[in-house]
Each structure stands twice: as structure tokens, then as C-alpha cells.
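Colleague: Mind having a look at this structure? Questions to follow.
None of the figures in this text is laboratory data; all of them are computed from the coordinates on show. This is a predicted model, so every value here is computed, not measured. Don't worry about glycine lacking a Cβ; one is built from the backbone with ideal geometry, like all the others, and counts go over all protein chains shown.
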Amino acid sequence: MRVADFDFDLPADLIAQFPPAVRGGSRLLHVEATGALHDRWFSELPALLRPDDLLVMNDTRVIKARLFGQKDSGGKVALLVERVVGEFEALAFIRASHAPKPGSHIHLSEDTLLDVLTRQDDLTQLRFPRPVLEVLDQFGRLPLPPYIEHVPTADDEARYQTVYADEPGAVAAPTAGLHFDDAMLAALKEQGVRAERVTLHVGAGTFQPVRVDDVAEHKMHSERYTIPPQTVDAITETRARGGRVVAVGTTSLRALEAAAQAGRLHAGSSETDIFITPGYRFRVVDTLITNFHLPRSTLLMLVSAFAGVDTIRAAYAHAIKERYRFFSYGDAMFLEKRPPE
């Protein structure tokens, strides 16, 4: 497969720059396993779910991962923390005229210096003088995606976070979950739809372009995930009742499928660089709620694997024609899994 197979032209005015006025005010494109398309609203989601279905949601919380400082020389530095790797250490992408060398410092203020440790490919390991999350909370800025052009506001700090966000560590939101509000979750529970959680801390690699022509040559950044035992039990019970496992977002799907690579779903924590492309055999997830993804991206390849390349190509063409809103603050899709051939 070539990366160009997953390209499409998107009018710039369809890239959502702000969330809808209220959570759940988005549109929802229902894509059946047959390829049939139905234009709906996200508020209609309960009609697409059945009693005994199980929602699996990623409860990661977005941290203020974008930092600005100076090198020892006074040169300006912009940082994007990609991953917290210890209480006092993190890996970050650094943008500067000349990359700071190991042994030097990055000055966030007169009394807050970060030690530059080592380079790991395109990431730099940094040591913080206080707990990383404490420093980020004081000096950091919400890391809105690169295609959102405004400076983060207080509204973004609320809306670029799911209502069930609990575990700090992500540098990008699990955006399918942004559509859910407390009233929707309560209504689904009343309907008999169960909800359980996983945690996958979304890394900045989710926005990194695929720089190779051959899909097989692309290397994913790894991300940390946790599958609680009660989620594994709930999936087992759902299967026994004939319900469906509905992943809320590609991050929930990646966590579940990564934890089932040995053939059986296991609880626990680990790292994953799972790269799902057409031809992948899904072991856990039956249905996927997701936003629309970037051209030539690994996430577009994932949804093409799930629903079928031709089906996704047709769905995206339909969404553009019907002027759906794209990407993090955009509209959603309800994807039924393509039957195995």
C-alpha cells in the first residue's frame, strides 16, 4: 500500500476551528457494514446502540504540554512534551534555531530550569526541577492541534477535554469522546448501555505526518496504555450476552487491540506502537465512534482497515459534499465493522 492511497482534498473551511456551541451538537455519519450512509445528529446516538452494548472510553486527561523558554545563550525555544516518563522527566519535541545540547538548560523562568539530558531520535529527554505535571500546570499551554489556528482560550481548556477525563498524561484529546456530555451518558446508562474505561495517553505522534511512500515502512511512536480488569470482565460479559463492544475513539480501539495481540484480551499496563492498516484482523472491537481524520494519516488507515478502504473513501467524499466539519472539533462517524472476507 502507498500512503497516497489515503489522500483526499479537503476544503480548508471544513476544518473545524471551534467546537459546536454545546457538546453533542455535532453531526453523525452512520456508516453501515454494507457501506450504506445515513446523515444523523450525535444526539441520535442512543438509537444506534442496543441494550447490552458496551462503550469503551479513554479517560486520559490532556495536560498543558506546550512550553516556551530560552536556551543558556538566550535563544528562544518552543517545546511540546510528547510523553511524561517519570515524576521529574519527560520526552519532548524541541523547536529552536539550534537544538540545545545535552548538559545545557532550558530556562522557563529565572528559577525554573530544565536539564537537557539525551536525544532519542526526534525527541529530547528533559529533567524538571519539580514534578513534571506541576511545572506544566504553572508554565504550560494547552496543546491544540496544528490545524487549529487560534491561541487556546479558557473555553478550549474546558472543551478540548472529555467530561470523563481522569488520568493526566495526554498531549492530544481523544476527540471522539468530546461529543459526550453527562446527560448523554446518563441516558445511555438508563437504556442499558454499559460504559467502561481504558487509558491511553495520546502522544504528539498522532499529528506527525507519514514521511514515507510505502505504508509498511512507517514507524509509529509508542504510547502508554492501561486496561483495567473490570473492563476485560465487562467485555467478556458483553460477548456472552450478544452485545457489541463499541470503542469511543481510535485510541480506545488501539488500546484494546494492542492488549489482545496474543489472541486474548489481557488487563494491565504496557506500551504500544500498534499500526493498524487494511488487512488487520480485529479481535475485540465491533463498532467504532470516531471523528474525521487527516489525509495520509495513520488514523485514516486505521478506519479504512475497520470499515473498508472503498467504504471510507465513499464516506469521506459524502462528508465533504455534505459539508461535515472535520478533525478534532468536527463531526463524528459511527462505523460498523466490515465483515471478514
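Colleague: For segment 112-195, which GluC sites (Glu not before Pro) are in a loop by DSSP, counting at most 10 other Cβ atoms within 10 Å?
Modeller: Details: sites: 134, 149, 157, 190; in loops: 149.
Filter output for segment 112-195: 149.
Colleague: Can you put 252, 269 in order of Cβ neighbours within 10 angstrom, beginning with the fewest?
Modeller: Taking fewest neighbouring Cβ atoms as first place, the list is 269, 252.
Colleague: Given a 10 angstrom Cα cut-off, can you work out which residue in 100, 11, 228 is the most mobile in a GNM of the chain?
Modeller: Per the Cα network of the chain with a 10 Å cutoff, 11 tops the list.
Colleague: Any idea how far apart residue 101 and residue 38 come out in nm if each label point goes 7 Å out from Cα toward Cβ?
Modeller: Taking the simple label geometry, residue 101 and residue 38 are separated by 6.4 nm.
Colleague: Rounded to the nearest 5, what is the percent of antiparallel bridges among the DSSP beta bridges in the chain?
Modeller: If I count the DSSP bridges inside the chain, around 70 percent turn out antiparallel.
Colleague: When the helix-only estimate is applied to the chain (DSSP H runs of n ≥ 4, each -39,500 (n - 2.57), divided by the residue count), what is the mean residue ellipticity at 222 nm, nearest 500 deg cm²/dmol?
Modeller: Using -39500 (n - 2.57) per qualifying helix, the result is -6000 deg cm²/dmol.
Colleague: If you don't mind, there's one more thing I want to ask. Where Lys and Arg each count +1 and Asp and Glu each count -1, what net charge lies around residue 98 among other residues with Cβ under 15 Å from its Cβ? Could the numbers behind the result be given before it?
Modeller: On the way: positive: 71, 76, 95, 101, 119; negative: 72.
Computed value for this residue: +4.
Colleague: Once phi is turned into θ = phi - 60°, what whole-Hz ³J(HN,Hα) does the Karplus curve with 6.51, -1.76 and 1.60 give for every residue of segment 65-70, x standing for Gly and Pro?
Modeller: Result, rounded to whole Hz: 8, 9, 10, 10, x, 9.
Colleague: Along the Cα→Cβ direction, 7 angstrom out, place labels at residue 70 and residue 310. What is the inter-label distance in nm?
Modeller: Label at residue 70, label at residue 310, 6.2 nm between them.
Colleague: Then there is this: What ranking of 318, 201 emerges when the number of other C-beta atoms within 10 Å of each C-beta is taken as an exposure proxy, fewest first? Let's see the in-between values first.
Modeller: Numbers: 318 14, 201 24.
Neighbour counts put them in this order, fewest first: 318, 201.
Colleague: With the crude spin-label approximation of a point 7 Å out along Cα→Cβ, what separation in nm comes out for residue 13 versus residue 151?
Modeller: Distance between label points: 2.8 nm.
Colleague: Counting other C-beta atoms within 10 Å, and keeping those with at most 13, which DSSP coil trypsin sites (Lys or Arg not before Pro) do you find in segment 139-236?
Modeller: 211, 219
Colleague: Oh, and also: Name the residues whose placed amide hydrogens come within less than 5 Å of the amide hydrogen of residue 326, ignoring near sequence neighbours (fewer than 5 apart) on the same chain.
Modeller: Sorted by chain and number, the residues that satisfy this are 15, 16, 331.
Colleague: Also, I was wondering about something else. Starting at the first residue of segment 299-310, write each ³J(HN,Hα) from the Karplus equation 6.51 cos²θ - 1.76 cosθ + 1.60 with θ = phi - 60°, in whole Hz, x for Gly and Pro.
Modeller: In residue order, the calculated couplings are 6, 5, 5, 4, 5, 5, 5, 6, 9, x, 4, 5 Hz.
Colleague: Also: Using the structure shown, list the pairs from 71/219; 189/337; 189/321; 219/321 with a Cα-Cα distance above 27 Å, or answer none.
Modeller: 71/219; 189/321; 219/321
Colleague: If you fit an axis through the alpha-carbon atoms of helix 250-259 and take the longest principal axis of the Cα set of the chain, what angle between them do you get, 0 to 90°, nearest 10?
Modeller: It works out to around 90 degrees.
Colleague: Which ³J(HN,Hα) values in Hz, rounded to whole numbers, follow from the phi angles of segment 196-202 under the Karplus curve 6.51 cos²θ - 1.76 cosθ + 1.60, where θ = phi - 60° and Gly and Pro get x?
Modeller: Once θ is set to phi - 60°, the couplings for segment 196-202 become 10, 10, 10, 10, 9, 7, 5 Hz.
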